[in-house]
1. Please go through the residue pairs A:Lys35/B:Lys165; A:Lys16/B:Lys101; A:Lys35/B:Lys101; B:Lys126/B:Lys165; A:Lys126/A:Lys165; A:Lys101/A:Lys165 and name each one whose alpha carbons sit more than 25 Å apart in this structure.
2. Which shape class, rounded, prolate or oblate, goes with the range A:5-52 when its Cα gyration tensor gives a ≥ b ≥ c as root eigenvalues, a/c under 1.5 marks rounded, and past that a/b bigger than b/c marks prolate?
3. With the crude spin-label approximation of a point 7 Å out along Cα→Cβ, what separation in nm comes out for B:Arg77 versus A:Ala78?
4. I want to verify a result. In a Gaussian network model of chain B, Cα cutoff 10 Å, which of these has the top mean-square fluctuation: B:Asp115, B:Asp184, B:Asp70?
5. Where does helix B:41-53 land angle-wise versus the long Cα axis of chain B, in degrees 0 to 90, nearest 10?
6. Which angle from 0 to 90°, rounded to the nearest 10, does the C-alpha axis of helix A:22-34 make with the longest principal axis of chain A?
7. What does the average come to when, for each residue of peptide B:37-43, you count the partner chain Cβ atoms lying within 10 Å of its Cβ?
8. Give me the aspartates and glutamates in straight-line cross-link reach of A:Lys195: C-alpha distance below 16 Å, same-chain residues under 8 apart excluded.
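The values are calculated or read from the model by the stated rules, or taken from the named source; none is laboratory data. Nothing here was measured: the structure is a model prediction, and the numbers come from that model. Neighbour counts run over all protein chains shown; Cβ positions are idealised from the backbone, glycine included. Heavy atoms of the whole protein, side chains included, go into the accessibility calculation; ligands, DNA and RNA do not. Shrake-Rupley method; radii C 1.70, N 1.55, O 1.52, S 1.80 Å.
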2 protein chains.
Amino acid sequence: MPANREIENLIELMAKLPGLGPRSARRAVLHLIRKRALLLTPLADAMQEVAATARECLNCGNVATSDICDICQDNRRANGELCVVEDVADLWAMERARVFKGRYHVLGGTLSALDAVGPEELRIPKLLDRIPGEHITEVILALNATVEGQTTAHYIADQLEGQVKLTSLAQGVPIGGELDYLDDGTISAALRARKEV
Amino acid sequence: MPANREIENLIELMAKLPGLGPRSARRAVLHLIRKRALLLTPLADAMQEVAATARECLNCGNVATSDICDICQDNRRANGELCVVEDVADLWAMERARVFKGRYHVLGGTLSALDAVGPEELRIPKLLDRIPGEHITEVILALNATVEGQTTAHYIADQLEGQVKLTSLAQGVPIGGELDYLDDGTISAALRARKEV
């Protein structure tokens, strides 16, 4: 044990963060100790605050500091559009793009027979409730373009058929993407969905 | 701002850690919120504790939770050997190897005319005091094999000449190293220091 118990304990906990291993956790802890006033104390306070206040929005599953998240509380976002995403990271990614003005529904994962994840585990019943409850006219299925994401999207589409307009994100060449580096699936999807110039 | 103020604040602070950027900080914060009881609260507590107790050992410059670090307090380590390292990360690396049984002296950097880092800034006067004060018989200069590290090592060697035995870490092929991947400098150092089998 190179350092003291308290410091070793902090290193061990930091090493559990995604993206950090034992070596980078040690580097991070040394950095924190050197910048105690500027970083360590504010970070500890921020963690205490989030630990005390963070919870799941009861309506959409977003991370919130109150029972209903800011987006669900914002009446300007009740425009009849509902974007279904797999998890909160996807919601944040959509928000960063600043183009979607409706509300979200966070599933919290994808359907998986192997891991025994059924519709009940995924907040799907709540989604079905929200359609009439919030006068939703369009559901945008923004699930990941993986097999699990697409299976889940199909299941939800089956459940909602005839009730609302159902759309999904366009598939194609990403902005700035080079054909040479794209996989075959993306290229064929982009070709099938080609548009007149 | 995709999330709440408290959560955004935590993400911003996490992104200041070495090895984490904005994207990995967001991932880490989501992970922390999901593992609140297991990780977020213990981590916040550990940070508070380190922020309250961590300081520099007045004797050697190691990170400690008391004025004098565990190693300097341990009389079994007063064996006359003193290992001079650039910073605490190097001390921890030496300790992990579990082979050095003496004490350390952490310089806190290297001499640099450009950055106006002179001997006073590097705890070198304290090092010179420790030689007679702790009956040091051998000083091991375990500075990094960089130009700055070696310049600093030369300066210290000049100061201590004739007072103690001066040694430095052996240079050569690292254990498990493949010649093909080693730089020219390492190979020539290893060749010059070759040993009879």
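1. Details: A:Lys35/B:Lys165 36 Å; A:Lys16/B:Lys101 31 Å; A:Lys35/B:Lys101 30 Å; B:Lys126/B:Lys165 18 Å; A:Lys126/A:Lys165 18 Å; A:Lys101/A:Lys165 17 Å.
The answer is A:Lys35/B:Lys165; A:Lys16/B:Lys101; A:Lys35/B:Lys101.
2. Working: a/c = 1.80, a/b = 1.28, b/c = 1.40.
It comes out oblate by the Cα gyration axes.
3. If labels sit at B:Arg77 and A:Ala78, their model points lie 6.5 nm apart.
4. For chain B, modelled as a Gaussian network with Cα springs under 10 Å, the answer is B:Asp184.
5. Tilt relative to chain B: about 50 degrees.
6. Approximately 60 degrees, to the nearest ten.
7. 6
8. Correct list for A:Lys195: empty, as no aspartates and glutamates qualify.
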